[in-house]
Amino acid sequence: MVGEPTLIASVQRALHLVDCVAAAVHPVTAKSLARHLDLSLGTTYNLARTLVHEGYLSAEHDGYVLGPQFPALTSSRDGVAVAHGREVLKAVRDELKVPAYLTRYDDGEISIIDIVDDRTCPRLDLWVGVQDSAHATAFGKQILASLGPEDRLDYLSRHAMADLTPHTISDPRVLLHALERCATITVDHQEYALGYTCVAVPVVTPTMIGAIAVSAPAERQGQVESRAVTLQRAAGRLSLRLSASTG
């Protein structure tokens with residue numbers, strides 16, 4: 001009779017920790033990992049520190065994401081989009097000095113994958129949920145513009161177009177007409193929040209429809225729009241990375 005295999009508990013814990021980060025849709029804090037894995041905070045920090053040193057995780061200011069040495073990256077894991085997107089969003093934030101957002105369309109809904117900001121350029125207060133405000137945000141409109149006609153109409157039929165500001169487009173016919181003219185770049189002119197503008201460009205791969213966006217005070221609208229090429233280059237880099245991870 002073959003005996004039970006000898007298992008190394010610390011290896012199991014490390015693998016479970018990486019799995020938890022890989023499955024997350026946002027960077028994961030040490031406290032969240034400890035709670036989810038039923039580990040002490042000290043043990044979690046020690047495991048994470050080792051995994052960061054070896055390149056399997058990367059430590060960000062708001063939590064852990066997958067690192068460059070993580071094997072067999074596949075787009076079926078949410079953590080892959082977070083890991084690839086985080087580096088690209090940081091580059092956009094640093095160049096444009098504005099917060100950067102990565103969003104996607106999945107199973108009929110639009111969601112935020114990640115936001116990168118800092119004290120000098122804080123993120124916009126998302127006071128209305130993304131699923132209820134796609135018609136009023138640049139990234140929401142960009143994703144809708146990237147969808148096929150049937151999926152676009154289906155989404156709008158399931159989500160009311162509330163007037164969030166006096167500038168919000170709340171007529172589906174007007175919005176659909178506008179979407180036909182913005183396949184490569186969309187702009188939110190104070191449609192989600194007064195005093196703020198947002199610009200978005202598409203991120204499209206064989207397995208993902210998404211968008212990269214930035215927000216800024218309305219007085220910087222012209223400046224941000226004029227740097228849209230920065231967003232388009234970033235979106236191109238991210239599309240290539242995500243596409244390569246599925247090959």
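Values quoted throughout were computed directly from the atomic coordinates according to the rules given, and no laboratory measurement underlies them. Remember, predicted model here, so these are calculated numbers, not experimental data. Using ideal geometry, Cβ is built from the backbone for each residue, glycine included, and neighbour counts are taken over all protein chains shown.
A few remarks follow.
- Centroid-to-centroid separation of the stretch 191-215 and the stretch 153-172 [C-alpha atoms, Å]: 17 Å
- Cα-based Kirkwood hydrodynamic radius, the stretch 9-66, one decimal, Å: 10.9 Å
- The stretch 78-244, relative contact order [Cα under 8 Å, separation at least 6], %: 24 percent
- Across ALA211, ALA83, ALA160, mean-square fluctuation computed from a Gaussian network of the chain (C-alpha pairs under 10 Å connected) peaks at ALA160.
- For the stretch 81-177, a crude dipole built from +1 on the beta carbon of Lys and Arg and -1 on the beta carbon of Asp and Glu, taken about the Cα centre, is about 260 debye to the nearest 20.
- Spread over its residues, the convex hull of the C-alpha atoms of the chain is 157 Å³ per residue.
- Whether the stretch 193-233 is rounded, prolate or oblate, judged on the alpha carbon gyration tensor where a/c under 1.5 counts as rounded: oblate
- Only Lys, Arg (+1) and Asp, Glu (-1) charged, at Cβ; the chain dipole about Cα centre in debye: 580 debye
- Placing R0 at 51 angstrom, the Cβ-Cβ distance between VAL174 and GLN69 gives a FRET efficiency of 0.55 after rounding to 0.05.
- Available extension along the chain between HIS167 and LEU37 is 42.2 nm, counting 0.36 nm per residue and deducting the alpha carbon span.
- Summing charges over neighbours of ASN46, with a neighbour being any other residue whose Cβ is under 14 Å away from its Cβ, gives +1 when K and R count +1 and D and E count -1.
- Fluctuation leader among LEU164, LEU124, LEU15 - the chain, Gaussian network, Cα springs under 10 angstrom: LEU15
- Gap separating the Cα centres of the stretch 109-149 and the stretch 27-64, nearest whole Å: 28 Å
- Between 0 and 90°, nearest 10: helix 149-158 axis offset from the chain longest Cα axis: 90 degrees
- Classification of the stretch 115-247 by its C-alpha gyration tensor yields an oblate form. The axis ratio a/c (a ≥ b ≥ c) is 1.5 or more, and b/c is at least a/b.
- Protection-proxy order for peptides 34-40, 189-195, 141-147, each taking the mean of Cβ atoms within 10 Å per residue, highest first: 141-147, 189-195, 34-40
- Sparsely packed trypsin sites (Lys or Arg not before Pro) within the stretch 143-193, loop by DSSP, other Cβ within 10 Å at most 16: ARG181
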